[in-house]
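The structure appears right after this line, and notes come after that.
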Amino acid sequence: MSLQDYGRFEDGGRVFRITRPDTPAPWVNYVGNGRLMGLVSHTGGGYTYWRCPRDSRITRHRYNALPWDRPGRYIYIRNEEGRYWSPTWQPVPLELDDYSCRHSMGWTAIESEFDGIRACVLYFVPPDDDVEIWRVRLSDTQGRRRSLQITPYVELCLGHALVDLINQPNDQHFNRTSWDAGNQILFATKDYWVQYRTATVAQPNQAWDGEVFFATSLPVESFESRKETFIGRWRSESNPEGIERGRLLNTEITAGDACAALQCSVTLEPGQQGEFTVLLGVVPRGERETARRLVRQGRDRAWVENEFQRVEQWWSAFLDALQVRTPDPDVDILMNYWLRKQTWATYYATRSAGYYHGGLLFGSGVRDSAQDLLGPIIAEPAMAEAKILNILRHQFSDGSTLHNWFPLTDEGEKTGHSDTPLWIPLAVTSYIRETGNFSYLEHIVPWQDGGEDTVLEHLIQSLDYTLHHRMSPRNLPLFGPGDWNDTLDYVGRKGIGESIWVAEFLCYGLREAALLLRRVGLESKASEYERWYATVAETINTLAWDGEWYIRGFRDDGGVIGSSRNKEGRIFLNAQSWAVISGIAPPERSKMAMDSAYRLCGTPRGPKILAPAYRTVDPGIGLATRCVPGKKENGAIFNHPVSWAILAEAMLGNAGRAWEYFRQTMPMRQAADPDIYLMEPYVYSEYVTSDEHPEFGQASHSWLTGSAVWMFRTMLDWMLGVRPDYDGLIVSPTLPPEWPEAHVRRRFRGCVYDIRIRRDESIRDEARVTLDGAPHTGPLPPGPAGTVFRVEYQVGG
């Protein structure tokens, strides 16, 4: 079937409407406010967490379940004859008379009809309150009086999700629920709280610091909080005994598997529409009065509507910071809506809270966080500022960093990945370029191992650590247990192997830092970094040029990877793209390297991360060679490296090839055959299976990927060519050859720049630029807050 058989974009692209529930996989959205976050599938599945998906999970995710999104946030409707269904289709998969799901920026709405009852369930989270709101509207479509029983239901986790998964028989002994009869609220908490990364016999003497509340605006007739009692013996969510019985048993538990179910009645007169809310929230332990206040508010329709409008207004303001109009509607949909939503999700959920990352193992990573801030920074610079400070808190005074950490415990791993500290210069310089806030460099931030120093000193130490502690005698960075490619994890385990990609990335950081240091008057340090840049660049070009492309690295045993001398893994995409991005490759080698990548890595769906895939396990390389050929880091179309290849081609002025790669990998085009692609057609996946595997075209690991922010910034900064610099906004587009024009409206340092880019066949020399009607050269300068600048950019055809 085609994509149109499953759904379509609406409202200019702001909404994706799914028109049948049996999609190839759960198609998911994120709702939340940064503290309370929820994954909502198109059939009501998904889980909710508070602050941290590992340590403070509210509802349960059943790992390895089919479908993947079980359980979820469900509503059961039971009619007069005792027949029951779910307006979200799951978990009672009856064939509905009508169904659709709309995923949008801050909400998901599922609408269906069955047995003459039309239902619409809207899920969203208010900006300031940690409560997930389900607004439900029911109406009779058959012109008869209806008496319905309504039961909202969730399965609870209550605290540490990993312990709940691997030690549930013991962990359930600490679950506590209680019914607040006067306010008709079901409360749930846990009197024991583990906060460790792995299984352990240690027994911390503490309770979970949260308390969940579940309520509705309907009068509650009965409730249930013991999962076994609600579901019944030898049953599941598809046929729970509590629904078939028509009455819940009002069970409060002091041990056992916790759930929350509230049974209510609704009467609809002929043609009448009814509305009610369900509230799933959390408050700090001991703050039940806050929960009661939120429930009172949530039972007020006007308050609920006002909060929903606030969500819409926040997203409209966030999106309004950048709007583009191009000849390609798919580009507009991604740039104006779904890449913005995806980069918002990666900012908050990092690589932790998803169906593919599970929320249990990774927490927040330095590498990921430093990239994720590049998306929201245009609309919300304060989000980037906060993220950088959080990254720097996890840096040691010698310049090294934790690789990742968990937000509630601050525990993390110092893995020794060779690239991790080097993401700090990218993050800091990007923030200063966007905001012009040089005083931020003087902000004092603590070190992970004690003491404190300025943001600028943190940046300097991140580079000095690599230069003085992680370089080989040949002036190349040591590979260590991996770099950006975590699966090249045994290339340098013995402390001898060298990473050419890290050498290129180091040069990028040195160049960026030197430019910034000259701006703040640190000429000597800037010169030192420029000398290091020249030294490392020369070494790369002397030792790593393979004749037609750059090798990927040197092994502990002295062998090479990513070379024409290898039978497998002969060329790696990243080593070519970053030779261009860092500026270390001379012009002729830049062209030759990218041409080689195009020739050897290219497929109709985009270039592969490496080619050919490894088919022989090589313990001296590591996990990449153990991956099945054509998937993940072993020869997949890995969208993160693809985005860097697009960036490199755009920097070289190769508009046609940059556009070819971008067009090939847009999710709605990859998903033209959804039954092959599987994943959501509105967000990028981490990778697409390549032609080296029979499942060519199948995607995996959607939503939480650095691909999103780099696809977004590459299109904006280099193809549309509107990018920030210290002195203002640069306009230098590399438009696809078939585009006659493009329009970018961008917020920058309190001003709005309305930029129209047009081709003009009569122009033979440099582009012509006017600023408010007057000829202009150089960056577009900042102005007084609120100024709207009109820019015309004309370039030859």
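Please treat every number below as a calculation from the coordinates, not as lab data. In this text, all values refer to a predicted model and were calculated from it rather than measured experimentally. Note that each Cβ is placed from the backbone with ideal geometry, even for glycine, and that neighbours are counted across all protein chains shown.
Computing Rg and the Kirkwood Rh from the Cα coordinates of segment 253-397 gives a ratio, Rg/Rh, of 1.06.
First check a/c for segment 1-63, with a ≥ b ≥ c the square roots of the eigenvalues of its C-alpha gyration tensor; if it is under 1.5, answer rounded, and if not, answer prolate when a/b is larger than b/c or oblate otherwise.
Details: a/c = 4.10, a/b = 1.84, b/c = 2.23.
Oblate is the answer for segment 1-63, as a/c is 1.5 or above yet b/c matches or exceeds a/b.
For the set K608/K631; K414/K494; K608/K632; K387/K525, the pairs lying more than 20 angstrom apart at their alpha carbons are K387/K525.
Taking the Kirkwood radius as the inverse of the mean 1/r across Cα pairs, report the Rg/Rh of segment 585-691.
Details: Rg = 14.5 Å, Rh = 14.5 Å.
Computed over Cα atoms, the ratio is 1.00.
In terms of packing, defined here as the mean over residues of other Cβ atoms within 10 angstrom, the peptides 547-560, 699-712, 599-612 line up highest first as 699-712, 599-612, 547-560. Both radii were evaluated on the Cα set of segment 368-436; the Rg over Rh quotient, with Rh as the Kirkwood radius, amounts to 0.97.
In debye, nearest 20, what is the charge dipole magnitude of the chain about its Cα centre with +1 on Lys and Arg Cβ and -1 on Asp and Glu Cβ, if you could check? Before the final figure, lay out each step's value.
On the way: 85 positive and 102 negative charges, 81 e Å.
My answer is approximately 380 debye.
Against the chain, whose longest principal axis is taken from its Cα atoms, helix 288-298 shows a tilt of about 90°. When you count the other C-beta atoms within 10 angstrom of each residue and take the mean per peptide, 645-654, 365-374 line up highest first as 365-374, 645-654.
Approximating the spin labels as points 7 Å out from Cα along Cα→Cβ, the N475-to-A386 distance works out to 4.4 nm.
Amide hydrogen proximity for T108: with H placed 1.01 Å from N in the peptide plane, the residues at 5 or more positions away or on another chain lying under 5 Å are Y123.
Spread over its residues, the convex hull of the C-alpha atoms of the chain is 171 Å³ per residue. Label zone of E413 (point 7 Å out along Cα→Cβ, amide N under 16 Å): in segment 48-90 this covers 54.
Its alpha carbons considered, segment 327-408 gives a radius of gyration followed by a Dmax of 14.5, 50 Å.
Between the listed residues I637, M711, L3, the Cα displaced farthest toward the positive end of the dipole of the chain, a dipole computed from Cβ unit charges relative to the Cα centre, is found at L3. Given R0 = 45 Å, the distance between the Cβ atoms of D772 and E548 translates into a calculated FRET efficiency of 0.40.
Please give the net charge around G271, taking every other residue with its beta carbon less than 12 angstrom from that of G271, where Lys and Arg add +1 and Asp and Glu add -1. Intermediate values should be presented prior to the final figure.
Working: positive: R118, R144, R145, R146; negative: D140, E269.
So the environment of G271 carries a net charge of +2.
Placing a pseudo-label 7 Å from each Cα along the Cα-to-Cβ vector at K567 and S732 gives an inter-label distance of 4.5 nm. Candidates G365, P93, W549 compared by Cα position along the dipole of the chain: farthest toward the positive end lies P93, with charges placed on Cβ.
Does segment 465-506 classify as rounded, prolate or oblate by the C-alpha gyration tensor (a ≥ b ≥ c root eigenvalues; a/c under 1.5 gives rounded; else a/b over b/c gives prolate, otherwise oblate)? It comes out oblate by the Cα gyration axes.
So how strong a dipole does segment 3-317 carry about its Cα centre when Lys and Arg Cβ are +1 and Asp and Glu Cβ are -1, to the nearest 20 debye? Don't skip to the answer; put the middle values down first.
Working: 38 positive and 42 negative charges, 70 e Å.
Rounded to the nearest 20 debye, it is 340 debye.
Short-range pairs are left out: with C-alpha atoms under 8 Å and at least six residues apart, the relative contact order of the chain is 9 percent.
Can you give me the convex hull volume of the Cα atoms of segment 542-606, divided per residue and expressed in Å³? Could the numbers behind the result be given before it?
Values: hull volume 6.1 nm³, N = 65.
It is 93 Å³ per residue.
Overall, the anisotropy analysis places segment 444-546 in the oblate class: the square-rooted eigenvalues a ≥ b ≥ c of its C-alpha gyration tensor yield a/c not less than 1.5, with a/b not exceeding b/c. Quick one: helix 639-651 against the long Cα principal axis of the chain, what's the angle to the nearest 10°, folded into 0 to 90? With rounding to tens, the tilt is 40 degrees.
For segment 730-766, trypsin sites (Lys or Arg not before Pro) meeting the loop criterion (DSSP other than H, G, I, E, B) and having at most 11 other Cβ atoms within 10 Å: R764.
For a quick check of your reading of the filter: which trypsin sites (Lys or Arg not before Pro) in segment 441-540 sit in a DSSP loop and have no more than 15 other Cβ atoms within 10 Å? The partial results should precede the final answer.
On the way: sites: R470, R474, R493, K494, R511, R518, R519, K525, R531; in loops: R470, R474, R493, K494.
Sites meeting the loop and neighbour criteria: R474, K494.
Each of L94 and D320 was given a label point 7 Å from its Cα along the Cα-to-Cβ line. The distance between the two points is 4.5 nm. Shown is the FRET efficiency for R301 and E244, computed with R0 = 41 Å from the Cβ-Cβ distance and rounded to the nearest 0.05: 0.85. Here the ratio of the Cα radius of gyration of segment 722-796 to 2.2 N^0.38 Å is 1.08.
As a calculated quantity, the FRET efficiency between I676 and N64 at R0 = 35 Å, using C-beta atoms, amounts to about 0.90. For segment 649-786, the Cβ-based charge dipole about the Cα centre amounts to some 680 debye (Lys, Arg positive; Asp, Glu negative; other atoms uncharged). Scaled against the 2.2 N^0.38 Å expected of a compact globular protein of N residues, the Cα radius of gyration of segment 3-317 reads 0.95.
Can you give the percent of C-alpha pairs in segment 78-229 whose distance is more than 20 Å? Working shown, then result.
Values: 7071 of 11476 pairs.
Summing the P(r) of segment 78-229 above 20 Å gives 62 percent of all pairs.
Please identify every one of the GluC sites (Glu not before Pro) in segment 43-129 that sits in a loop by DSSP and has no more than 15 other beta carbons within 10 Å of its own beta carbon. Of the GluC sites (Glu not before Pro), the ones in loops of segment 43-129 whose Cβ has at most 15 other Cβ atoms within 10 Å are E80, E81, E95.
Projecting the Cα atoms of A25, N64, I166 onto the charge dipole of segment 3-317 (Cβ charges, centred on the Cα centre) puts I166 farthest toward the positive pole.
Estimated from helical segments only, the mean residue ellipticity of the chain at 222 nm is -8000 deg cm²/dmol, where each DSSP H run of four or more residues counts as -39500 (n - 2.57). With only the Cα atoms considered, segment 1-157 has a convex hull volume of 127 Å³ per residue.
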